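The values are calculated or read from the model by the stated rules, or taken from the named source; none is laboratory data. Since the model is a prediction, treat every value here as computed from it, not as a measurement. Note: ideal-geometry Cβ built from the backbone for every residue, glycine included; neighbour counts use all protein chains shown.
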Amino acid sequence: MQKYWKFGILILAILGTLGWLAAGGISDTKTYYKTIAELNQMGDSAKEKRLRVGGDVAAGSIERSGNDVSFVMSQDKLQLKVIYSGIDPLPDTFKAGAQALADGKLGVDGVFHATKIQAKCASKYEAAPAVNGNPSVRKS
């Protein structure tokens, strides 16, 4: 009977350790999607969390300096300066006027420090207009 207790305690210790590692890994990788307005409303609590912020890349704001890329995201007349210093190359669709998602943390200086950027060009993914009610026929 003593053998079963030792084995049971060992199994509980292993399962407890795995559960603790899984919970820690999930909390480290979760991000919250926010708009620029929501980010401004968060105040100092925004500086403690990893966030994903969305907006449009402002025209003429993209500047490259070594491995870093800085740009301004705008949304409803609000602006946020972003510095990207990730290891992945920027997407091909990342350009002025494109919608972008920046994943990272807000610095104490009010600049968003991104480690990941996703971008899309809205015009590239729009559906073709329907002709006579048939969406598969395109105007030429």
Restricting to region 65-97, count the residues that are surrounded by fewer than 17 Cβ atoms within 10 Å (Cβ to Cβ) and either among the basic types (Lys, Arg) or more than 24 Å from Ala46 (Cα to Cα) (or both).
13
Output yes when any residue across region 96-109 is at pLDDT below 85, within 17 Å of Gly54 (Cα to Cα) and in contact with a Gly (Cβ under 9 Å, 6 or more places away or on another chain), and no when none is.
no
Members of region 89-113 that are of a type in the set (A, V, I, L, M) and part of a loop (DSSP other than H, G, I, E, B):
Leu90, Ala96, Ala98, Val108, Val111
